1. In segment 66-80, which residues are within 12 Å of the ligand (Cβ to nearest atom), touching a residue at least 12 places away in the same chain (Cβ under 8 Å) and not in a loop (DSSP other than H, G, I, E, B)?
2. So which of 8, 4 is free of Cβ contacts under 8 Å to residues at least 60 places away in the same chain and either in contact with a strand residue (DSSP E or B) (Cβ under 6 Å, 6 or more places away or on another chain) or not in a loop (DSSP other than H, G, I, E, B) (or both)?
3. Of these, 63, 29, which one is within 16 Å of the ligand (Cβ to nearest atom), touching a strand residue (DSSP E or B) at 6+ places or on another chain (Cβ under 6 Å) and assigned to a helix (DSSP H, G or I)?
4. For the condition part of a loop (DSSP other than H, G, I, E, B) and either touching a helix residue (DSSP H, G or I) at 6+ places or on another chain (Cβ under 8 Å) or surrounded by fewer than 17 Cβ atoms within 10 Å (Cβ to Cβ) (or both), what is the one hit in 47, 40?
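Please treat every number below as a calculation from the coordinates, not as lab data. From a predicted model like this one, the values you see are computed outputs, not experimental measurements. We place every Cβ from the backbone using ideal geometry, glycine too, and count neighbours over all the protein chains shown.
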Ligand SMILES: [Zn+2]
């Protein structure tokens, strides 16, 4: 049986998920991302809460801001997650 949920439900689920992002595993984050994509829900700033490469939630990450670019360096794999800020 395939479990289908509405967009509102998916949004709520994602909202709940990010409340405890620090305790999530990369596997769970991957699943959540899939859910967001399936329902076309933009994660926006929430994306900065985990590493785009290893999907591990950022814990006390090194953050550098330079020329309007915010760089979050992953403690786990060293990947620099960059984001434009205004
Ligand atoms: Zn990483």
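1. 72, 73
2. Answer to the check: 8.
3. Checking each option against the conditions leaves just 29.
4. 40
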